[in-house]
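Working notes, beginning with the structure itself.
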Amino acid sequence: MKHTEDKLTGAALVILCCGIVAAPLYLIVAISNQSLIPLLTGIMVLLLSFVQYWLIGAFAELIKNTRSINELLQARFPEAAAPVQAQEDAEK
């Protein structure tokens, strides 16, 4: 799985956009029905989409940083990475 952090960041943006689109729709339903439940649902959808965007984005950043740390360690200690590299080559 290459470029996992980019895929996660893209998924986070899709979730955020869906939340931004869904929240006004709930607001329109709340205004037409004169009900409080769709309004609260719209607010919750918007807030949860922001929270999900932040969490998935943070996880993508964690993967990116872990990958860069791994590359730095492999550059500094190539003898430690040799057994792992041999296993990866054998699996392919």
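Key figures for this structure:
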| read-out | value |
| --- | --- |
| Residue in segment 69-76 that is surrounded by 12 or more Cβ atoms within 10 Å (Cβ to Cβ), among the basic types (Lys, Arg), part of a helix (DSSP H, G or I) and at pLDDT 85 or above present | no |
| The lone exception for residue 26 - which of (1) more than 18 Å from residue 2 (Cα to Cα); (2) over 16 Å from the mean Cα position of the chain (by Cα); (3) surrounded by fewer than 14 Cβ atoms within 10 Å (Cβ to Cβ) it fails | (3) |
| Close pairs from segment 1-28: first over 17 Å from residue 48 (Cα atoms), partner part of a helix (DSSP H, G or I) and of a type in the set (Ser, Thr, Tyr), Cβ under 6 Å, at least 6 apart | none |
| Test: residue in segment 42-53 that is in a helix (DSSP H, G or I), of a type in the set (Gly, Ala, Ser), without any contact (Cβ under 8 Å) to a residue 60 or more places away in the chain and surrounded by 12 or more Cβ atoms within 10 Å (Cβ to Cβ) | yes |
| Condition met for residue 62 (assigned to a helix (DSSP H, G or I), out of contact with any His (no Cβ under 8 Å at 6 or more places or on another chain), modelled with pLDDT of 85 or more and not β-branched (Val, Ile, Thr)) | yes |
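The values are calculated or read from the model by the stated rules, or taken from the named source; none is laboratory data. Only a predicted model underlies this, so the values are computations on that prediction, with no experimental measurement involved. All Cβ positions, glycine included, derive from the backbone under ideal geometry; neighbour counts span all protein chains shown.
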